[in-house]
Amino acid sequence: MITIKTDSQIACMRKANQIVRDTLNLLRDHTKAGVSTWELNILAHEYILSQNAKPSFLHYNGFPASICVSVDCEVVHGIPSKRKILQEGQIVSYDCGAIYEGWHGDAARTVGVGLISPECQQLIDVTEQCFFKGVQSIVAGETRLGDLGHVIQSYAESFGYGVVRELVGHGIGREMHEDPEVPNFGIAGHGMRLSEGMTIAIEPMINMGTARVDWMEDGWTVKTKDRKPSAHYENTVAITSHGVEILSL
Ligand code: MG
Ligand code: MG
């Protein structure tokens, strides 16, 4: 079911998303070679609690940590671990969610560890641009989900990148995952229209190589099938009468 939010509900979601944004900035600032992904998880967990919010990923369908940390060929849902130590030249995707007064925020960023290759930097930049090109294309009451997906897909594919099909964006509000599904691919003119009061998480997951992915035996981690790097960029947005507001920026 798609839920339409009032201005005051969107204001609550703004607060949740600002906490997520600040957590991601904190993670970015602590990204360096030698740090374990578990340390980063603790940092995020404690920050979210200090803001009177709850980390929504912790125990979600049994997930054992407060953030997802996905390195290099890991697309999403990487599990933080004391044995997973960041190394110079890697790229790391942080996905974070928080609940504040019953409302959800959800966002993700990919950053480099120290000096990274120009190829990896381009992948990160293009993934971010995919999000902004998608958002800029939205006209409330007109743009369809297929239009949005088509904008993101065609931009990513113009660089020869693969757009993950098995994982998509989503509606968000009182629940982290609400209807509708928001794919990063699509056919222009198809799908439901995005209308005022809808809040959705738009989250391109873009692979340097093949679009295809593998699920790991831990039941969570998703990797690219060719083990080439992948980047993830996500924000929660609200469709309003005065345009699209990015709540987690
Ligand atoms: Mg997310
Ligand atoms: Mg999401």
Q: Inspect the range 161-170 for any residue being modelled with pLDDT of 95 or more, of a type in the set (Gly, Ala, Ser) and assigned to a loop (DSSP other than H, G, I, E, B) and give the result as yes or no.
A: no
Q | Residue satisfying all of: in the range 180-204; within 12 Å of ligand 2 (Cβ to nearest atom) and open to solvent by less than 50 Å² (accessible area, probe 1.4 Å); farthest from the chain's Cα centre (by Cα) among these | A | Thr199
Q) Applying the selection to the range 113-147, what residues are open to solvent by less than 60 Å² (accessible area, probe 1.4 Å), assigned to a helix (DSSP H, G or I) and touching a residue at least 12 places away in the same chain (Cβ under 8 Å)? A) Cys120, Leu123, Ile124, Val126, Thr127, Cys130, Phe131, Gly134, Val135, Leu145, Gly146, Asp147
Q) How about the range 205-249: which of its residues are open to solvent by 10 Å² or more (accessible area, probe 1.4 Å), small (Gly, Ala, Ser) and touching a Gly at 6+ places or on another chain (Cβ under 7 Å)? A) Gly209, Ala211
(Q) Can you go through Ile4, Ile79, Ile42 and tell me which one is open to solvent by 50 Å² or more (accessible area, probe 1.4 Å), touching a Pro at 6+ places or on another chain (Cβ under 9 Å) and not small (Gly, Ala, Ser)? (A) Ile42
Q. Using beta carbons and a limit of 7 Å, which pairs, at least six apart or on different chains, have the first residue in the range 227-239 and under 11 Å from Cys130 (Cα atoms) and the second one among the acidic types (Asp, Glu) and open to solvent by less than 10 Å² (accessible area, probe 1.4 Å)?
A. Glu234/Asp106
Q.
Taking the condition of being hydrophobic (A, V, I, L, M, F, W, C) and within 9 Å of ligand 1 (Cβ to nearest atom), how many residues in the range 92-110 meet it?
A. 3
(Q) Suppose the filter is away from ligand 1 (no atom under 11 Å from the Cβ) and in contact with a Pro (Cβ under 9 Å, 6 or more places away or on another chain); does Leu86 pass it? (A) no
(Q) in contact with a strand residue (DSSP E or B) (Cβ under 8 Å, 6 or more places away or on another chain) and open to solvent by less than 40 Å² (accessible area, probe 1.4 Å): is that true of Leu49 in this structure? (A) no
Q) When you scan the range 148-179, how many residues do you find that are away from ligand 1 (no atom under 16 Å from the Cβ), open to solvent by 10 Å² or more (accessible area, probe 1.4 Å) and not basic (Lys, Arg)? A) 11
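The values are calculated or read from the model by the stated rules, or taken from the named source; none is laboratory data. Everything numeric in this text was worked out from a predicted model, so none of it was measured. Neighbour counts are summed over all protein chains in view; Cβ atoms, including those assigned to glycine, are modelled from backbone coordinates with ideal geometry. Accessible surface is based on the protein model in full, side chains and every heavy atom, while ligands, DNA and RNA are left aside. Shrake-Rupley method; radii C 1.70, N 1.55, O 1.52, S 1.80 Å.
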